[in-house]
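First comes the structure, then the notes that go with it.
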Amino acid sequence: MKRITAIIALLCLTTAAWAQYRNEYESSIYDRYVTFNVSARYGLSLPMGGQKGYIDKVSPTNFALEGEWLFPKQFSIGLKTGYQYTKQRLGRQLYTYIDGNSVQDISSVQTRTLSVIPAMVSLSYYFADNAAAIRPYVQFAGGGAYVDYTNYFGPFADQKTGFKGAIAPAVGLKYYGRREQGLGAEIQAQYQNIFFNYDLLKGSSPSLMLSAGITYRFY
């Protein structure tokens, strides 16, 4: 009887130890600690609202770089920046160019350009745990952006630069292939609005950027 009791007790202890080991083994370090994620993406930008009055072409020159602190409760805080450039050339026309007290009529090709370097803080919520193979998310970013508005009339240029406030809500998806894998791919759709108002750029400068690239999580 004592031997049977001892065997049962040993089995119970072994089962409890195995259960504890299994739980610790299956619990990912991504779900227990603050970890990190970096992303780099290339995208196309579609002008909207006031920006279409200045440049109405799709921009093929957009890059985004983002770093995040991933918290165990499926949300993250990050920093994001990048470079966005849009250009549109109009046919030769006659323009009145004002430079200080000088007024000139010139015949030239007009080349409109807009450069943006955002600097924002982001807050994201993921619909899957930090170690998951597929991680869809929603994001809101806010901060500012350095804007360079330069409109060329042949050899002359009408330029305005400045750092203005900006917001950028987005939705996206990270795909890693398998659970806990570090390197993956990412797609994102972002609406960006920069509160920059000058000449042909009326009110603000909204755009929709569709981007894709690589992402890497680590600890």
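Full extension of the segment from Ser102 to Arg32, taken as 0.36 nm per residue of separation minus the current Cα-Cα distance, would add 18.5 nm. Report, as a whole number in µm² per second, the diffusion coefficient that Stokes-Einstein gives for the chain at 4 °C and 1.567 mPa s using the Kirkwood radius over alpha carbon pairs. Approximately 63 µm²/s, per Stokes-Einstein. Computed with every protein chain present, the accessible area of Leu90 is close to 40 Å² [probe 1.4 Å]. Distant-in-sequence amide contacts of Phe196, defined by a placed amide H-H separation under 5 Å and a gap of 5 or more residues or a different chain, comprise Ser205. Looking at the chain, the accessible area is 56 square angstrom per residue; that uses a 1.4 Å probe and ignores ligands, DNA and RNA. Backbone phi angles across region 48-62, fed through the Karplus curve with coefficients 6.51, -1.76 and 1.60 (θ = phi - 60°), yield HN-Hα couplings of 9, x, x, 5, 5, x, 9, 9, 10, 8, 5, 8, x, 10, 9 Hz in residue order; Gly and Pro are listed as x. Scalar couplings 3J(HN,Hα) for region 63-73, obtained by applying the Karplus form with A = 6.51, B = -1.76, C = 1.60 to θ = phi - 60°, are 10, 10, 10, 9, x, 9, 9, 8, 9, x, 8 Hz; x denotes Gly and Pro. Expressed as a whole percent, the accessible surface of the chain that belongs to carbon and sulfur atoms is 64, based on a 1.4 Å probe.
Between the helical axis of 2-26 and the longest alpha-carbon principal axis of the chain there is an angle of about 10 degrees. Both the radius of gyration and Dmax for region 110-219 are 17.9, 57 Å, in that order, over alpha-carbon atoms. Per-residue ellipticity at 222 nm computed for the chain from its helices equals -4000 deg cm²/dmol, with DSSP H segments shorter than 4 residues left out and the rest contributing -39,500 (n - 2.57).
The values are calculated or read from the model by the stated rules, or taken from the named source; none is laboratory data. Computed from a predicted structure; not experimentally measured. Ligands, DNA and RNA are stripped out before the accessible areas are found, and what is left, the full protein with its side chains, is counted by its heavy atoms. Shrake-Rupley method; radii C 1.70, N 1.55, O 1.52, S 1.80 Å.
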